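Each remark here refers to the structure printed beneath this line.
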Amino acid sequence: PEPVISLALIPKNKSEVSGNFSKALQRFQKEDPTFRIHTDPESKQQIISGMGELHLEVYVERMRREYKVECSTGLPQVNFREGITKRVDFNYLHKKQSGGSGQYGRVIGHMEPMTREEVQEHGGKEFVFVNDCIGNSMPPEYISAVEKGFEEQVKEGLLVGYPILGIKVTLTDGQAHAVDSSELAFRLAAKGAFREAFRKASPIVLEPIMAVQVEVPDEYQGPAVGSINKRRGIIQDTEMRDGYSIVRCLVPLAEMFGYTTTLRSLTQAKGEFSMEFHEYSPMNKGDQKKLEDEYEKKRQEKNKN
């Protein structure tokens, strides 16, 4: 069966990660096919998944007892995304002079959001670069450097540091210098243009929304629906079948942590749910502001160090 709950596993002593910590996790996985572990590629957190909170607690306790590794558990980090909501023009000059040859590159164009349909039309690519330069005002050998600069910047947004979805950049013109232009200069010009334009494009944070199906005995339908509403869920439809109510809904992933325990206590352990990723959707402004403030604080602390 597929795991129903995931937790971030944090060893109290970081030096143990490669030793007993890894040995324990490998052994537990061999013993129990319903116990899974993976490293989240974005947050780099170790995530353990299993059939319930008690199931995972048993392994955390065994790790402490049998392998002398103290661990704490926390909610896994939600992988947000960023996006823009309006078209913005850019005209950016990157110019640097410091003894010897300098750096010079100007990029002109615009960037705009893509709809889900447009993303699908481009084979699911979330970033599309279009070269609309006419003539040789922009030497052709620098075009790929400009594309690379934009592509690198899209991987890490400026609001909360997550990748940016659904963005199309069109280069319409540029300017090079006979001596000071280089691929590096144009890559940096593209990055600078992106940072400047992104802020003006009414950027937003997107959160993962899950398609959730909850099955409970009929008499628990009211409490089950109430528990979904409390989690900012939107009920899609409900169905009665053989004494059971099936509730289909859309709920932000951030609200689903700990839901296994909630549903068990609401239904005397007779309810169950499944969920899968549905889409990324704009966060409300209040939650977005909190995330942005946290990210800025972390960034400043990192710069101090």
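The values are calculated or read from the model by the stated rules, or taken from the named source; none is laboratory data. Remember, it's a predicted structure, so these values are computed and weren't measured experimentally. Cβ coordinates were reconstructed from backbone atoms using ideal geometry, including for glycine residues, and neighbour counts include every protein chain displayed. Areas reflect the complete protein model, heavy atoms only, side chains present, ligands, DNA and RNA absent. Shrake-Rupley method; radii C 1.70, N 1.55, O 1.52, S 1.80 Å.
For this structure, a couple of remarks:
- Most to least accessible of V251, V58 (protein chains only, probe 1.4 Å): V58, V251
- Using bins of 5 Å that start at zero, the share of Cα-Cα pairs per bin across region 91-238 amounts to 2, 8, 15, 16, 13, 10, 8, 6, 5, 4, 4, 3, 2, 2, 1, 0, in whole %.
- Low-density loop cleavage sites - trypsin sites (Lys or Arg not before Pro) in region 10-74, where at most 13 other Cβ are within 10 Å (DSSP): K12, K44, K68
- A simple spin-label model places pseudo-atoms 7 Å from Cα toward Cβ; at K23 and R62 they are separated by 1.6 nm.
- Qualifying GluC sites (Glu not before Pro) in region 96-165, where qualification requires a DSSP coil assignment and no more than 14 other C-beta atoms within 10 Å, comprise E156.
- Rolling a 1.4 Å probe across all protein chains gives E31 an accessible area of roughly 90 Å².
- Trypsin sites (Lys or Arg not before Pro) lying in DSSP loop within region 140-205, provided at most 15 other Cβ fall within 10 Å: K155
- Computed from the Cβ-Cβ distance with R0 of 25 Å, the FRET efficiency linking K289 to E196 stands at 0.70.
- Karplus 3J(HN,Hα) series, Hz, for region 112-117 with 6.51 cos²θ - 1.76 cosθ + 1.60 (x for Gly, Pro): 8, x, 10, 6, 4, 5
- Length gained on full extension, Q213 to R232, computed as 0.36 nm times the residue gap minus the Cα-Cα distance: 5.4 nm.
- The angle separating the long axis of helix 183-200 from the principal Cα axis of greatest extent in the chain is about 60 degrees.
- Using a probe of 1.4 Å on the protein chains alone, the accessible area found for L253 is around 40 Å².
- D_trans [Stokes-Einstein, Kirkwood Rh over alpha-carbon pairs] for the chain, 20 °C, 1.002 mPa s, µm² s⁻¹: 94
- With the simple model of a label 7 Å out from the Cα in the direction of the Cβ, Q77 to R248 spans 3.4 nm.
- In plain terms, the chain from A269 to T115 could stretch by 51.3 nm, reckoned as 0.36 nm per residue minus the Cα-Cα distance.
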